[in-house]
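Data first, discussion second: the structure below is written as structure tokens.
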Amino acid sequence: MKKFILTSIVIITIISMALNGTNSPAKASQSDISAKLIRFHVIANSDDKIDQNLKLKVRDSVLKYISPKLKNCTSIGQSRSILNKENKNIKKIAETVIKQNGYKYYVTTALSKENFPVKTYGNITLPQGKYEAYRIIIGTGKGQNWWCVMFPPLCFVDITKGDVAYQKTEKEMKTVLSNNEYNTVDNTVSSKKIIVKFKLEEIINNIFS
């Protein structure tokens, strides 16, 4: 078994080196990137269509309230402070939406560090690892989640709008990430290479976790 694992690691390492190229500049680490971001997740009670629609209604109401307050934040600390201050109000908004739609699901809201798999948001692909995230968990929280980047404020960027959205995302991300860090998550140049690289890193991390 140990021999199989070691062999697998060697193969993965070789593939990863081939994908990156030996002369490519060093990529920024996941911890470098995650230290500068706050993610936003709304997690549905279940994957039932009604629960998923309810999740989106909660998302819309919460973003309508909190986005103007986060819009002009210039640091992650400032955003964190606002989210902690507004946590009770956000929870109340979520509970009100749920009640108005005829449900009695309880709501959990928290700013915490959580482990996430590789995720793509428009032209950004974030590697697997721990990120600070503001999470709204509806009921059992066993359904699919909706997510965006809360700092820098990207939650109102419509990622379906192609180049316009990509330019906005790039501009906002570059206000907090260095060029090297941004190039690490930018999937527009070579999306397959970036996504495969992150997947390989995720596999390695899972082997040793």
Subject >> Among the candidates Thr96, Thr108, residue that is out of contact with any Pro (no Cβ under 6 Å at 6 or more places or on another chain), β-branched (Val, Ile, Thr) and within 22 Å of Lys142 (Cβ to Cβ) >> reply: Thr108
Original post:
Ile98 fails exactly one of the following numbered conditions: (1) out of contact with any strand residue (DSSP E or B) (no Cβ under 9 Å at 6 or more places or on another chain); (2) modelled with pLDDT of 95 or more; (3) outside any loop (DSSP other than H, G, I, E, B). What is the number of that condition?
Top reply: (1)
**OP:** Could you look through segment 173-205, keep only residues that are more than 22 Å from Ser75 (Cα to Cα) and modelled with pLDDT of 55 or more, and pick out the one that is surrounded by the most Cβ atoms within 10 Å (Cβ to Cβ)?
**Re:** Asn187
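When the residues of segment 139-172 are filtered to those that are under 13 Å from the mean Cα position of the chain (by Cα) and among the hydrophobic types (A, V, I, L, M, F, W, C), which remaining residue is most open to solvent (accessible area, probe 1.4 Å)? Step through it out loud before you land on a result.
Within segment 139-172, the first condition is being under 13 Å from the mean Cα position of the chain (by Cα), and the residues that meet it are 145-155.
Filter once more, so that each one left must be among the hydrophobic types (A, V, I, L, M, F, W, C): 146-151, 154-155.
Working: Trp146: 54, Trp147: 25, Cys148: 0, Val149: 2, Met150: 8, Phe151: 9, Leu154: 1, Cys155: 18 Å².
Only one residue fits best here, namely Trp146.
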**OP:** Sort out which residues of segment 35-75 are within 25 Å of Leu177 (Cα to Cα), open to solvent by 20 Å² or more (accessible area, probe 1.4 Å) and in contact with an Asp or Glu (Cβ under 8 Å, 6 or more places away or on another chain), and write them in order of number.
**Re:** Lys36, Lys69
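Considering only residues of segment 76-92 that are within 24 Å of Gly143 (Cα to Cα) and out of contact with any helix residue (DSSP H, G or I) (no Cβ under 9 Å at 6 or more places or on another chain), which is surrounded by the fewest Cβ atoms within 10 Å (Cβ to Cβ)?
Top of the filtered list is Lys88.
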Subject >> Selection status of Ala110, surrounded by 16 or more Cβ atoms within 10 Å (Cβ to Cβ), among the small types (Gly, Ala, Ser) and part of a strand (DSSP E or B) >> reply: no
**OP:** Output the residues belonging to segment 108-136 that are touching a residue at least 24 places away in the same chain (Cβ under 8 Å) and closer than 16 Å to Asn84 by Cα.
**Re:** Thr108, Thr109, Ala110, Leu111, Glu132, Ala133, Tyr134, Arg135, Ile136
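Of the residues that make up segment 128-138, is at least one open to solvent by 60 Å² or more (accessible area, probe 1.4 Å) and not in a strand (DSSP E or B)?
Scanning segment 128-138 turns up no residue that is open to solvent by 60 Å² or more (accessible area, probe 1.4 Å) and not in a strand (DSSP E or B).
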Original post:
Which number in (1) within 19 Å of the chain's Cα centre (by Cα); (2) in a helix (DSSP H, G or I); (3) at pLDDT 95 or above marks the one condition that Ser31 misses?
Top reply: (3)
Original post:
What number of residues within segment 34-74 satisfy the criterion of being part of a loop (DSSP other than H, G, I, E, B) and either closer than 20 Å to Lys99 by Cα or modelled with pLDDT under 95 (or both)?
Top reply: 9
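The values are calculated or read from the model by the stated rules, or taken from the named source; none is laboratory data. Predicted model, so just to flag it, every value in this text is computed and none were measured. With ideal geometry, Cβ positions are generated from the backbone for all residues, glycine too; neighbour counts draw on all protein chains shown. For accessibility, only protein heavy atoms count, side chains too; no ligands or nucleic acids. Shrake-Rupley method; radii C 1.70, N 1.55, O 1.52, S 1.80 Å.
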